[in-house]
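The structure appears right after this line, and notes come after that.
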Amino acid sequence: MRNSLYFIGLSVALASCASHQPVKKNSTKSKTPVPQVTSQVKPPTPTLPKTQIQHEGNYDFFKVNIGDISKNDNTISYGSIVSANPKGYKVVKTFFPSVAQNFRQKYIILHYTALDDDKSVTVLTQQSVSAHYLVNNLGDKEIYQLVDENKRSYHAGISAWRNDKMLNDTSIGIEIVNPGYVADASGMRIFPDFDGAQMKKVAALVKDIADRYMIPPTNILAHSDIAPTRKSDPGPKFPWKKLYDEYQIGMWYDEATKQEFYNQIIPENYAVEMSTAPFIFKYQAALKTLGYGLEPSGMVDNATKKTIEAFQFHFRPEKYDGVMDAETWSILQALNVKYPNK
Ligand SMILES: [Zn+2]
């Protein structure tokens, strides 16, 4: 039915285009007879395939990817379809989905709850914060979904990464049950380890989401990356390197590149240079290039310290003092070499 309507519409459009052509009036008799059109012009065959839709329960799912997957900008892949249901009319979605579309889900943001399992469920379902998924610490095979992936959950708050702000709009939030840090007598924060079985769950979940929405490694981030002045979760014990090495999840630097940068640094000179305004400006700009929402000023303010600390939580977890030491600076440069086009 839809096919024939489409062809009729196209024919009308072609006819109306033709009517704009100036009409030549024949004042004299034509010597050559005008050829008679005997066959109808065939409308072009649409090139897009009919979308495969699978019905499961009350929901429809696209089953094919009609876009160019190398572009990450025009995809329909396996995902639920939400449609209007206007009274007295029928929404038809089985023909000609537009290639000009992309996903709203651009980021995956990882958190810890700083609560136990039960309290995590209560807070994330009954209060003003939420996440799409909650990964428990019970050693079972379950992951709780609290919010539909097509809706916003309230997990990121005031946040920024590259040109994006308020990342609730564009992200999937994953909360991981973990008690969070405790401060010792000297104020030093002690972060607890993440459970191994729980991390396997996190890895499988992140991989599934990243694959379906084609979320690049540079957009899989910690809450502290996108809100460094406010947040420190999931903290320095979160195994980013392990996830990168074993599951190809997220960003990590190449050791050789880091070592090259490190070898160029002369410790005595660096100790002097690191507190000069031009160098502070330079590393602030490098943090911003990687994605952090930091404006270079040439001055070490609280935002700068907290941003360096967030960077260290993620990429240099052995020491997170908010100081741009030679090791941290080498890692930062190596990351910007490895991920230039974000
Ligand atoms: Zn968080």
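Just so you know, all these numbers are worked out from the coordinates, no wet-lab data involved. All of these numbers come straight from a predicted model, not from anything done at the bench. Please note: Cβ atoms are built from the backbone with ideal geometry, for glycine as well, and neighbour counts cover all protein chains shown.
For Thr276, Thr328, what's the fewest-to-most ordering of other Cβ within 10 Å of each Cβ?
Working: Thr276 11, Thr328 21.
Starting with the residue having the fewest Cβ neighbours, the order is Thr276, Thr328.
Over 18 Å between Cα atoms, which of Lys231/Lys282; Lys106/Lys207; Lys119/Lys165; Lys165/Lys282 qualify?
Those over the limit are Lys231/Lys282; Lys119/Lys165; Lys165/Lys282.
By the gyration tensor of its Cα atoms, with a ≥ b ≥ c the square roots of the eigenvalues, what is the shape of the range 248-338: rounded for a/c under 1.5, prolate for a/b over b/c, or oblate?
oblate
Does the range 104-148 classify as rounded, prolate or oblate by the C-alpha gyration tensor (a ≥ b ≥ c root eigenvalues; a/c under 1.5 gives rounded; else a/b over b/c gives prolate, otherwise oblate)?
Oblate, because a/c is 1.5 or more while a/b does not exceed b/c.
Arrange the following residues from fewest to most other Cβ atoms within 10 Å of their Cβ: Val300, Val177, Val323.
Arranged by neighbour count, lowest to highest, Val300, Val177, Val323 become Val323, Val300, Val177.
How would you rank Lys231, Lys141, Lys305, going from fewest to most other Cβ atoms within 10 Å of each one's own Cβ?
Numbers: Lys231 21, Lys141 8, Lys305 16.
So the ranking, lowest neighbour count to highest, is Lys141, Lys305, Lys231.
How many angstrom lie between the Cα centre of the range 108-157 and the Cα centre of the range 275-294?
Taking the Cα centre of each part, the range 108-157 and the range 275-294 sit 33 Å apart.
By how many nm would the segment from Ile143 to Asp118 lengthen if fully extended, with 0.36 nm per residue of separation less the alpha-carbon distance?
So the extension gain works out to 7.6 nm.
Answer rounded, prolate or oblate for the range 141-241, using the Cα gyration tensor with square roots of eigenvalues a ≥ b ≥ c: rounded when a/c is under 1.5, else prolate when a/b is larger than b/c, else oblate.
Since a/c reaches 1.5 but b/c is at least a/b, the shape of the range 141-241 is classed as oblate.
Which whole-number percentage describes the relative contact order of the range 255-338, with Cα contacts under 8 Å and a sequence gap of 6 or more?
33 percent.
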